[in-house]
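Below: the structure, in structure tokens.
The values are calculated or read from the model by the stated rules, or taken from the named source; none is laboratory data. Since we're looking at a predicted model, the values are computed, not measured. Neighbour counts are summed over all protein chains in view; Cβ atoms, including those assigned to glycine, are modelled from backbone coordinates with ideal geometry. Ligands, DNA and RNA are excluded from the accessible area calculation, which covers all protein heavy atoms including side chains. Shrake-Rupley method; radii C 1.70, N 1.55, O 1.52, S 1.80 Å.
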Amino acid sequence: MTVVASPSAATGTDLYTLVRQLYPICRSITGDGVRETLRRIQQVVPVSVVEVPSGTRVFDWVVPREWNIRDAWIKSLDGRRVIDFQASNLHVVSYSTPVRARLSLAELKPHLSTLPEHPTWVPYKTSYYKPSWGFCVSAAQLETLIDAEYDVCIDSTLEDGHLTYGECYLPGESRDEVLISCHVCHPSLCNDNLSGVSVAAFLGQWLCGLSRTRLSYRLLFIPGTIGSITWLALNRDTLGAIRHGLVLTGLGGPGGFVYKRSRDGNALIDRAVENVLQHWNDQSSIRDFTPYGYDERQYCSPGINLSVGCLSRTPYDEYPEYHTSADDLNFVAPNQLEASLRVCQSIIEVLEDEATYLTLNPMCEPQLGRRGLYSTTGGAGERRGNEMALLWVLNFSDGAHSLLDIARRASLPFRTVKRAAVLLEEHQLLRRQQATKMEANRMEQGLGDR
Ligand code: ZN
């Protein structure tokens, strides 16, 4: 695999355009907003839509009733909408029960949420599991509300229906799977939600365009928490095929990449991401697993324990725009989205190409110059890197070290080490090691990556 040469890779403009198209849709953990979102994603990647009835038991949880909303407002008695759902879907607390009432400002105030430290921003709030209703307004809007009566309407329904998610399975040569998961449950928020959706969708499109992959891929577009719990409960018999996974979120805003390791901490996905980020021209950091955050906390719960990490830029609670109206189309940038897609492609390249080779010339160094293996093209730095990679691969291809082990030890990008191995194989100096029966068994039990 060579990511850079892929002609079908989307650009930052493609990624941003999808974010812009999805931005106005009012999504929640259930409802028509998720369906409309999945229909748009289907134009990028072939996603199947799955509907799970309300009331379905999923481990310790129950699929909730379906929520839909058509309109909502707070009107002054002269009929003017002072707070209008049509202006921003963030104005209504997600999962608000229907309401029609005439209330004094004092009666209304307990139902209003603001963000005093950012007076022009509207907060994003939800009340999925406790029946209630509310509006989110900017502190500046609240100031304009005089002490009077107001007509309040939330034209919503909360009734038995379905939880909807999207799934796309792309079979490879092996049944071993890579899980890519993102959440589709937030309304008009760009970085938290839509950036991950867009990167996952175009990553899927790129995978579809590859002539072959060694691994199989499963993309999930699911509501956060209840979606992953539901999917895991319904698919628990087939989870054994998942070897590696990534939760994608917060990939369009400012800041370098942050990778949160899987629960294991040293799985192949962890080591693959670390190598890619170490050699990425960007500030990045690696953090250990914590049982909080996005859906990795479900994939890494002790009874499930999949090798799933979380890739983001600045993490969710470390930027003030998080869960506010300021996480808008200006907060995400095409170049940030595009770099995020490239990083994901590079991670997949490592997962696809990771292998162990055996040197066929272990008695001292082979004479590389005679074979024309000292390159004369490329800059001095690149040449030196390539030559060093040849020596590292020759020395450590002893059957006990994989290409990723060698890349880590040599502080070289995986791609450079892989290229060296291909070149040495072409010159009959290296042979790809076939997995022994014992190793194959270990792989089958999911132990091959440790
Ligand atoms: Zn969120």
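Evaluating PRO46 against the criteria (1) open to solvent by 30 Å² or more (accessible area, probe 1.4 Å); (2) in contact with a Cys (Cβ under 8 Å, 6 or more places away or on another chain); (3) part of a strand (DSSP E or B) leaves one unmet condition, (3).
Name the single residue, out of those in region 288-341 being under 15 Å from LEU232 (Cβ atoms) and charged (D, E, K, R), that is most open to solvent (accessible area, probe 1.4 Å). Residue satisfying both the conditions and the ranking: ARG297. Contact map, region 263-284: residues that are without any contact (Cβ under 8 Å) to a residue 40 or more places away in the chain paired with residues that are crowded, with 16+ Cβ neighbours inside 10 Å and in a loop (DSSP other than H, G, I, E, B), Cβ distance under 7 Å, separation 6+ or inter-chain. Pairs shown: GLY265/PHE289; ASP270/ARG261; ASP270/SER262.
Could we say that SER262 is in contact with a helix residue (DSSP H, G or I) (Cβ under 6 Å, 6 or more places away or on another chain) and within 16 Å of the ligand (Cβ to nearest atom) here? Please lay out each step first, then the result.
Numbers: in contact with a helix residue (DSSP H, G or I) (Cβ under 6 Å, 6 or more places away or on another chain): yes; within 16 Å of the ligand (Cβ to nearest atom): no.
Spelling it out, it is not the case that SER262 is in contact with a helix residue (DSSP H, G or I) (Cβ under 6 Å, 6 or more places away or on another chain) and within 16 Å of the ligand (Cβ to nearest atom).
Output the qualifying pairs, or none if there are none: Cβ atoms under 7 angstrom, residues six or more apart or on different chains, first residue in region 146-171 and farther than 28 Å from SER54 by Cα and among the small types (Gly, Ala, Ser), second residue modelled with pLDDT under 95 and open to solvent by 40 Å² or more (accessible area, probe 1.4 Å). Nothing qualifies.
Filtered by the rule that a residue be away from the ligand (no atom under 15 Å from the Cβ) and assigned to a helix (DSSP H, G or I), region 173-214 gives SER198, VAL199, ALA200, ALA201, PHE202, LEU203, GLY204, GLN205, TRP206, LEU207, CYS208, GLY209.
To keep it simple, each residue is scored yes or no on (1) touching a Ser or Thr at 6+ places or on another chain (Cβ under 6 Å); (2) not charged (D, E, K, R).
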{"position": "ARG39", "(1), (2)": "no, no"}
{"position": "ASP71", "(1), (2)": "no, no"}
{"position": "ILE83", "(1), (2)": "no, yes"}
{"position": "PRO98", "(1), (2)": "yes, yes"}
{"position": "PRO116", "(1), (2)": "no, yes"}
{"position": "VAL122", "(1), (2)": "yes, yes"}
{"position": "LYS130", "(1), (2)": "no, no"}
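A search for C-beta distances below 6 Å between a residue of region 208-232 that is farther than 15 Å from GLU173 by Cβ and any residue that is among the small types (Gly, Ala, Ser) and more than 16 Å from the ligand (Cβ to nearest atom), counting only pairs 6+ apart in sequence or on different chains, returns GLY209/SER8; LEU219/GLY204; PHE221/GLY166.
Looking only at residues of region 247-267 that are of a type outside the set (Gly, Ala, Ser) and open to solvent by 10 Å² or more (accessible area, probe 1.4 Å), we find that the one that is nearest to LEU404 (Cα to Cα) is ASN266. Taken together, the residues in region 12-26 that are open to solvent by 60 Å² or more (accessible area, probe 1.4 Å) and assigned to a helix (DSSP H, G or I) amount to 4.
Close Cβ contacts (under 7 Å, 6 or more residues apart or on different chains) running from residues in region 409-430 that are more than 20 Å from GLY381 (Cα to Cα) to residues that are of a type in the set (Gly, Ala, Ser) and open to solvent by less than 20 Å² (accessible area, probe 1.4 Å) comprise LEU430/SER397; LEU430/ALA421.
Against the numbered list (1) loosely packed, with under 14 Cβ neighbours inside 10 Å; (2) of a type in the set (D, E, K, R); (3) assigned to a loop (DSSP other than H, G, I, E, B), GLU51 comes up short only at (3).
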